[in-house]
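Contents: one structure, followed by commentary.
Values quoted throughout were computed directly from the atomic coordinates according to the rules given, and no laboratory measurement underlies them. The model shown is predicted, which means the values in this text are computed figures rather than measured ones. So basically every Cβ, Gly included, is an ideal-geometry build from the backbone, and we count neighbours across all protein chains shown.
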Protein chains: 2
Amino acid sequence: MMVIISYDVSTASTGGTKRLRQVAKACEAHAQRVQNSVFEADLDYSAFLKLKAELVRIIDEKTDSLRFYYLGNHWKRRVEHIGAKKGYDPEGPIII
Amino acid sequence: MMVIISYDVSTASTGGTKRLRQVAKACEAHAQRVQNSVFEADLDYSAFLKLKAELVRIIDEKTDSLRFYYLGNHWKRRVEHIGAKKGYDPEGPIII
C-alpha cells in the first residue's frame, strides 16, 4: 500500500535539528523522498506500522507534526506528477 | 474532493523565488497549507482544474515540479495527523 508521509519538525525547539535529521533518516530508509519533507512509502501494512511507530517515537508531539495520507493499494491512479524530477517508480524496473 | 498538492520550485533558477511566491499564493487562495510546500485542496473538480491550470502556468517544468495526490470524496479516513498544529477541518464549523 502507498502512504504519503509529510512532516513538520520545529527546529526552533531544543533538539529540533536532531529530530529533523532522525525523521528524515527513518523515512529515507523505507520510502522515496519526493519533496523536502514529503515521502512516498510503498510498504506492506506491518512495515508501515513499524516506520510510523519509529517516527512517533522521534518527534515531539507538542511542537512537531506528522501527516499520513493513505492512498491504498491502487495508488498509481491517485498520483500525478508534472515537471522536473519525475522520481522513481517504486514498482518499476531497478536500473543497475 | 480532496487533493494534496505538493510542489518543489527551484529558487536557484532565474525567476525561481517569484514563481515560488506565486505558487504559494495561488494555493493559499484555494487550499489549506499543512506543511511548507504541502496544501490540502478540498474543491469541486472544476475549481480544482482551474487551480491546477494556474499552477502549471506558473512553474517552469524544466526545473520545478508539482505533485497531486487524489484522495477522492471520502478522504477523511485517508488522512491521519499526529502532533502539533492539527490544522482546520475544511468541513468543520467556522469559528468567528
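Would you mind checking which residues have amide H under 5 Å from B:Leu43's amide H? H placed 1.01 Å from N; only 5 or more apart, or other chain.
B:Val3
Straight-line reach from A:Lys50: which lysines have Cα under 16 Å away, leaving out those fewer than 8 places along the same chain?
Excluding near neighbours in sequence, the set is A:Lys25.
Compute a Gaussian network model of chain B, connecting alpha carbons closer than 10 Å, and tell me which residue from B:Lys85, B:Lys25, B:Lys50 fluctuates the most.
Top of the fluctuation ranking is B:Lys85.
Over chain A, what is the mean sequence separation of C-alpha contacts under 8 Å (at least six apart), divided by residue count, expressed as relative contact order in percent? List each step's numbers first, then the result.
Values: 111 pairs, mean separation 39.9, N = 96.
Value for chain A: 42 percent.
Determine which lysines satisfy two conditions relative to A:Lys76: a Cα distance under 18 Å, and not lying fewer than 8 residues away in the same chain.
Partners within reach: A:Lys85, A:Lys86.
Using each residue's phi in the range B:59-71, evaluate 6.51 cos²θ - 1.76 cosθ + 1.60 at θ = phi - 60° and report the 3J(HN,Hα) Karplus result to the nearest Hz, with x for Gly and Pro.
Result, rounded to whole Hz: 6, 9, 5, 6, 10, 10, 9, 10, 10, 10, 10, 8, 8.
Once phi is turned into ³J(HN,Hα) by the Karplus curve 6.51 cos²θ - 1.76 cosθ + 1.60 with θ = phi - 60°, what whole-Hz value does each residue of the range B:37-45 show in order, with x for glycine and proline?
For the range B:37-45, the Karplus-derived couplings read 10, 10, 10, 9, 10, 9, 10, 6, 4 Hz, x marking Gly and Pro.
Taking every alpha carbon pair in chain A, what does the distance histogram look like in 5 angstrom bins from 0, in percent?
P(r) for chain A, in whole percents per bin: 2, 12, 24, 23, 17, 12, 7, 2, 0.
Can you bin the protein assembly as shown into rounded, prolate or oblate? Criterion: square roots of the alpha carbon gyration tensor eigenvalues sorted a ≥ b ≥ c, rounded for a/c under 1.5, prolate for a/b above b/c, oblate for the rest. Walk me through the numbers on the way to the answer.
Numbers: a/c = 1.27, a/b = 1.16, b/c = 1.09.
Rounded.
Using a label point 7 angstrom from Cα along Cα-to-C-beta, what distances in nm, from shortest up, separate A:Ser46 from the other copies?
For A:Ser46, the inter-copy label distances come out at 5.0 nm.
Could you go through the range B:16-25 in sequence order and give the Karplus-derived ³J(HN,Hα) for each residue, using 6.51 cos²θ - 1.76 cosθ + 1.60 with θ = phi - 60°, rounded to whole Hz, and x for Gly and Pro?
x, 4, 5, 4, 4, 4, 5, 5, 4, 5
Which distance in nm do the two modelled labels at A:Met1 and A:Ala29 give, with both placed 7 Å along the Cα-to-Cβ direction?
About 2.2 nm separates the two model spin labels.
Using a label point 7 angstrom from Cα along Cα-to-C-beta, what distances in nm, from shortest up, separate B:Arg33 from the other copies?
Those separations, rounded to one decimal, come out as 2.2 nm.
Between A:Asn36 and A:Glu80, how many nm apart are label points set 7 Å from Cα along the C-beta direction?
Using points 7 Å along Cα→Cβ, the separation is 2.5 nm.
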